[in-house]
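Colleague: The structure under discussion is supplied below as structure tokens; questions concerning it will follow.
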Amino acid sequence: MFQSTMMEGELTIAALVEYSRRVFPEARIRTWTGEGLRDASFSEIGDKAAQLANALAELGVERGDRVATFMWNNNEHQVAYAGVPAMGAVLHTLNLRLSPEQAVYIINHANDKVIIVDASVAPLLSKYLTGTPDVEHVVVANGPKEALTAPEGIAVHSFDELIDGRPTTYEWPEIAERDPAVMCYTSGTTGDPKGVVYSHRSIWLHSMQVNSSSGMALGNADSVLAIVPMFHVMSWGLPFAAMMAGITLVMPDRFLQPEPLLQVMAEARPTFAAAVPTIWQGVAARLEAAPQDISHMREVVVGGAAVPPSMIRTFDGHGVRITHAWGMTETSPLGTVSRPPFGIEDPEKEFAYRVTQGRFPASVQARLIADDGTEQPWDGESAGELEVRGPWITGAYYSPDGPVSEEAKFHDGWLRTGDVATISPDGFMTIVDRTKDMIKTGGEWISSVELENTVMANPTIAEAAVVGVPDEKWDERPFVLAVVKDAADADVDKQRAYLAERVPRWQVPERWAFVTEVPKTSVGKFDKKVIRAQYADGAYEVVESRS
Ligand code: ADP
């Protein structure tokens with residue numbers, strides 16, 4: 001057989017850690033303390049990663065053992081991102097906003113041996129530890145270890161005391177690139193949380209895509225405000241992409257409200273940022289009240305939920321370009337990024353591309369499957385369930401007895417995303433809705449996403465979610481849960497009149513409720529499961545109008 005002459009070489013996190021500390025000593029992780037920035041250079045992060053690995057090895061952590069983190073985005077979390085996978089253990093990022101039942105379930109399901117916790121959330125973790133008999137050690141970072149109370153049998157350590165004085169090198173083991181590196185559970189928006197295990201190779205390839213020009217196009221000149229939590233799909237890959245390209249990361253720690261975020265922006269002047277739409281809605285509202293120049297950010301990547309087109313225009317007005325992206329826990333998460341084709345001069349034509357979820361990279365294949373199982377054409381109109389496959393798409397879910405690829409989620413080697421989409425002839429995907437959120441009324445389908453985008457296009461609305469609710473006559477009708485900027489606009493007839501000019505008459509919702517905040521999931525998306533349940537329980541003051 002004719003053979004390639006190329007060398008073999010495993011794509012491992014240890015190689016990334018060593019590369020970043022040697023080649024980009026000046027790049028930094030910068031953590032907001034509430035008052036200022038706490039900087040660590042990539043060399044320091046590399047040193048601490050080796051110290052942490054030495055410490056964990058002494059605590060008995062072996063290849064493949066799970067080391068969990070229960071942390072905000074900060075320097076110490078980055079140290080864990082580097083050191084834990086590099087030593088051959090598996091980093092398990094726990095979502096801080098899970099319900100207690102879910103958190104305990106996930107810690108036990110993943111069989112976490114060690115948990116590294118921020119002191120600020122240690123009291124929360126303390127409550128879970130009575131239900132997690134397999135946890136052996138908890139390491140408290142960023143505060144006194146006394147912040148944690150643990151039952152007998154669990155050893156509690158201080159992060160600093162544990163690593164201080166240890167060697168700043170570690171004999172990183174030789175790891176096969178397909179070995180596990182990081183695991184993360186889905187946020188359980190539509191069902192039980194499911195574990196996805198990323199490999200060294202999948203993370204490496206994904207990082208290259210994050211930095212490429214069809215991805216987030218990041219490099220050494222960038223400083224990225226990583227608002228998306230490190231427990232939400234690895235902060236969309238930024239901690240590893242940063243090591244690969246020497247990107248400075250600005251970490252907001254626990255200060256995730258619009259006001260402190262704008263303060264961090266003023267102080268650190270990042271060139272780029274990443275967060276879900278609800279965060280940017282909050283930032284936009286705050287900017288209206290207290291104007292601030294944020295044009296130092298050339299771009300912010302927004303995904304995790306559909307970006308309302310009105311939001312893109314608002315940020316254009318601030319000199320900040322929103323780039324829409326789509327992904328899932330199962331897809332590492334980068335699936336699509338919307339970068340309009342080269343050479344489009346008409347801004348409105350360009351805008352029409354920017355509101356889509358974007359194009360797939362070369363490594364991710366996509367297809368659309370209709371209800372009858374047929375594959376749909378890429379004509380920009382035919383909708384079907386989006387299925388994807390590729391080297392950083394999960395082919396199964398984690399279970400203690402080995403990976404499971406249940407039929408509901410996988411289809412002949414493709415991942416069923418649970419999203420309904422269309423794809424244009426030139427490859428731009430538009431998510432119509434999640435299959436579970438589509439509203440069927442009188443036999444016709446309404447996209448809850450499209451309808452809420454139109455509701456939110458009304459400048460009187462701060463945020464709004466649309467869900468289907470039971471209706472005697474039509475089976476289901478859309479219900480709008482909205483937050484208005486000014487109480488006088490909490491007027492159903494006024495809101496309906498706005499919509500009547502923009503959507504077909506039969507789609508205009510009759511039922512509305514005005515609240516001060518739309519319920520959000522643990523990663524900040526509209527929580528439609530909760531909204532439907534609260535509606536059913538009569539929790540909202542629903543105003544109905546058919547005029
Ligand atoms: P969960 O499914 O628990 O919310 P994920 O964060 O993995 O956890 O969510 C992935 C889902 O989020 C996608 O399947 C899709 O429904 C939605 N999503 C992600 N990005 C976008 C986007 N840009 N537009 C619309 N929906 C999106």
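The values are calculated or read from the model by the stated rules, or taken from the named source; none is laboratory data. Computed from a predicted model, the values in this text were never measured in an experiment. Using ideal geometry, Cβ is built from the backbone for each residue, glycine included, and neighbour counts are taken over all protein chains shown. These accessible areas exclude ligands, DNA and RNA; they are computed on the full protein's heavy atoms, side chains included. Shrake-Rupley method; radii C 1.70, N 1.55, O 1.52, S 1.80 Å.
Colleague: Name the residue that is farthest from Q78 (Cα to Cα), counting only residues in the range 103-126 that are out of contact with any Ser or Thr (no Cβ under 8 Å at 6 or more places or on another chain) and among the polar types (S, T, N, Q).
Modeller: N111
Colleague: Now, a different point. Is there a residue being among the charged types (D, E, K, R) and farther than 23 Å from M230 by Cβ anywhere in the range 275-288?
Modeller: Checking the range 275-288: at least one residue is among the charged types (D, E, K, R) and farther than 23 Å from M230 by Cβ.
Colleague: Give the number of residues within the range 201-246 that are more than 23 Å from I116 (Cβ to Cβ) and part of a loop (DSSP other than H, G, I, E, B).
Modeller: So the count comes out to 12.
Colleague: Taking the criterion of being at pLDDT 95 or above and surrounded by fewer than 20 Cβ atoms within 10 Å (Cβ to Cβ), would at least one residue in the range 90-97 satisfy it?
Modeller: Looking for residues that are at pLDDT 95 or above and surrounded by fewer than 20 Cβ atoms within 10 Å (Cβ to Cβ), one finds none in the range 90-97, hence no.
Colleague: Separate question: Filter the range 1-14 down to the residues that are in contact with a helix residue (DSSP H, G or I) (Cβ under 8 Å, 6 or more places away or on another chain) and of a type outside the set (S, T, Y), then identify the one that is farthest from N220 (Cα to Cα).
Modeller: E10
Colleague: Here's a follow-up. Whether any residue in the range 348-362 is within 21 Å of the chain's Cα centre (by Cα) and either more than 16 Å from the ligand (Cβ to nearest atom) or without any contact (Cβ under 8 Å) to a residue 40 or more places away in the chain (or both) is what I want to check.
Modeller: Looking through the range 348-362, none of the residues is within 21 Å of the chain's Cα centre (by Cα) and either more than 16 Å from the ligand (Cβ to nearest atom) or without any contact (Cβ under 8 Å) to a residue 40 or more places away in the chain (or both).
Colleague: If you don't mind, there's one more thing I want to ask. What is the one condition in (1) open to solvent by 40 Å² or more (accessible area, probe 1.4 Å); (2) out of contact with any strand residue (DSSP E or B) (no Cβ under 6 Å at 6 or more places or on another chain); (3) not in a loop (DSSP other than H, G, I, E, B) that M6 does not satisfy?
Modeller: Checking M6 against (1) open to solvent by 40 Å² or more (accessible area, probe 1.4 Å); (2) out of contact with any strand residue (DSSP E or B) (no Cβ under 6 Å at 6 or more places or on another chain); (3) not in a loop (DSSP other than H, G, I, E, B), the one that fails is (3).
Colleague: Can L261 be described as part of a loop (DSSP other than H, G, I, E, B), modelled with pLDDT of 95 or more and open to solvent by less than 30 Å² (accessible area, probe 1.4 Å)?
Modeller: no
Colleague: Contact list please: Cβ distance under 7 Å, first residue in the range 3-15 and closer than 13 Å to S207 by Cα and of a type outside the set (S, T, N, Q), second residue modelled with pLDDT of 95 or more and not in a helix (DSSP H, G or I), pairs at least six apart or on different chains.
Modeller: L11/E177; I13/A181
Colleague: List the pairs whose first member sits in the range 329-341 and is among the charged types (D, E, K, R), whose second member is near the ligand (Cβ under 8 Å from one of its atoms) and open to solvent by 10 Å² or more (accessible area, probe 1.4 Å), and whose Cβ atoms are under 8 Å apart, counting only residues at least 6 apart or on separate chains?
Modeller: Short answer, once both residue conditions are applied: E330/T186; E330/T417.
Colleague: Can you pull out every residue in the range 279-302 that is under 13 Å from P260 (Cα atoms), outside any loop (DSSP other than H, G, I, E, B) and open to solvent by 30 Å² or more (accessible area, probe 1.4 Å)?
Modeller: Once the filter is applied, which keeps residues that are under 13 Å from P260 (Cα atoms), outside any loop (DSSP other than H, G, I, E, B) and open to solvent by 30 Å² or more (accessible area, probe 1.4 Å), the range 279-302 yields I279, R286.
Colleague: Taking S522 as meeting all but one of (1) open to solvent by 50 Å² or more (accessible area, probe 1.4 Å); (2) in contact with a Leu (Cβ under 9 Å, 6 or more places away or on another chain), write down the number of the exception.
Modeller: Evaluating S522 over (1) open to solvent by 50 Å² or more (accessible area, probe 1.4 Å); (2) in contact with a Leu (Cβ under 9 Å, 6 or more places away or on another chain) leaves (1) as the failure.
Colleague: Among the listed residues D491, D437, identify the single one that is surrounded by fewer than 19 Cβ atoms within 10 Å (Cβ to Cβ) and farther than 19 Å from R313 by Cβ.
Modeller: The match here is D491.
Colleague: With the requirement that a residue be within 16 Å of the ligand (Cβ to nearest atom), out of contact with any Gly (no Cβ under 8 Å at 6 or more places or on another chain) and touching a residue at least 60 places away in the same chain (Cβ under 8 Å), what does the range 431-445 give you?
Modeller: Scanning the range 431-445 gives a single hit, I431.
Colleague: Let me ask something else about it. I'd like the full set of residues that are among the hydrophobic types (A, V, I, L, M, F, W, C) and either part of a helix (DSSP H, G or I) or within 15 Å of E452 (Cα to Cα) (or both), limited to the range 468-497.
Modeller: Residues satisfying the conditions are V469, F479, V480, L481, A482, V483, V484, A487, A488, V492, A497.
Colleague: A further question on this structure: Regarding V250, is this residue crowded, with 23+ Cβ neighbours inside 10 Å, within 17 Å of the chain's Cα centre (by Cα) and farther than 19 Å from T271 by Cβ?
Modeller: no
Colleague: Quick check on my filter: what residues within the range 175-215 are within 22 Å of G83 (Cα to Cα) and of a type in the set (S, T, Y)?
Modeller: Y185, Y198, S199, S202, S207
Colleague: Pick from the range 192-213 the residues that are within 20 Å of A305 (Cα to Cα) and open to solvent by 30 Å² or more (accessible area, probe 1.4 Å): which of them is modelled with the lowest pLDDT?
Modeller: Within the range 192-213, the match that is modelled with the lowest pLDDT is D192.
Colleague: Filter the range 446-458 down to the residues that are over 22 Å from A539 (Cα atoms) and either part of a strand (DSSP E or B) or without any contact (Cβ under 8 Å) to a residue 60 or more places away in the chain (or both) and list them by number.
Modeller: Within the range 446-458, I446, S447, E450, L451, T454, N458 qualify.
Colleague: Just the residues that are among the β-branched types (V, I, T) and without any contact (Cβ under 8 Å) to a residue 12 or more places away in the chain, please, taken from the range 385-420.
Modeller: V404
Colleague: Picking from A268, A241, A217, A305, which residue would you name as being open to solvent by 20 Å² or more (accessible area, probe 1.4 Å) and more than 16 Å from the ligand (Cβ to nearest atom)?
Modeller: Residue meeting the stated conditions: A217.
Colleague: Turning to a different aspect of this structure: Can you tell me which residue among R298, R367, R354 is touching a helix residue (DSSP H, G or I) at 6+ places or on another chain (Cβ under 8 Å) and of a type in the set (D, E, K, R)?
Modeller: Working: R298 fails: touching a helix residue (DSSP H, G or I) at 6+ places or on another chain (Cβ under 8 Å); R367 fails: touching a helix residue (DSSP H, G or I) at 6+ places or on another chain (Cβ under 8 Å).
It is R354.
Colleague: Also: State all residues of the range 247-258 that are not in a strand (DSSP E or B) and not aromatic (F, W, Y); if no residue qualifies, say none.
Modeller: I247, P252, R254, L256, Q257, P258
Colleague: Using the structure shown, decide if E174 is in contact (Cβ under 8 Å) with a residue 60 or more places away in the chain, in contact with a Ser or Thr (Cβ under 9 Å, 6 or more places away or on another chain) and open to solvent by 40 Å² or more (accessible area, probe 1.4 Å).
Modeller: yes
Colleague: Separate question: Looking only at the range 308-322, filter to residues that are more than 16 Å from the ligand (Cβ to nearest atom) and open to solvent by 10 Å² or more (accessible area, probe 1.4 Å); which one of those is nearest to F351 (Cα to Cα)?
Modeller: Within the range 308-322, the match that is nearest to F351 (Cα to Cα) is R313.
Colleague: Looking only at the range 26-44, count every residue that is outside any strand (DSSP E or B) and open to solvent by 10 Å² or more (accessible area, probe 1.4 Å) and tell me the total.
Modeller: We begin by selecting, within the range 26-44, every residue outside any strand (DSSP E or B); these are 26-27, 33-36, 42-44.
Adding the requirement that they be open to solvent by 10 Å² or more (accessible area, probe 1.4 Å) leaves 26, 33-36, 43-44.
Adding up the residues that qualify gives 7.
Colleague: Continuing with this model, one more query. Restricting to the range 425-473, name every residue that is under 19 Å from L334 (Cα atoms) and of a type in the set (S, T, Y).
Modeller: Answer for the range 425-473, where residues must be under 19 Å from L334 (Cα atoms) and of a type in the set (S, T, Y): just T430.
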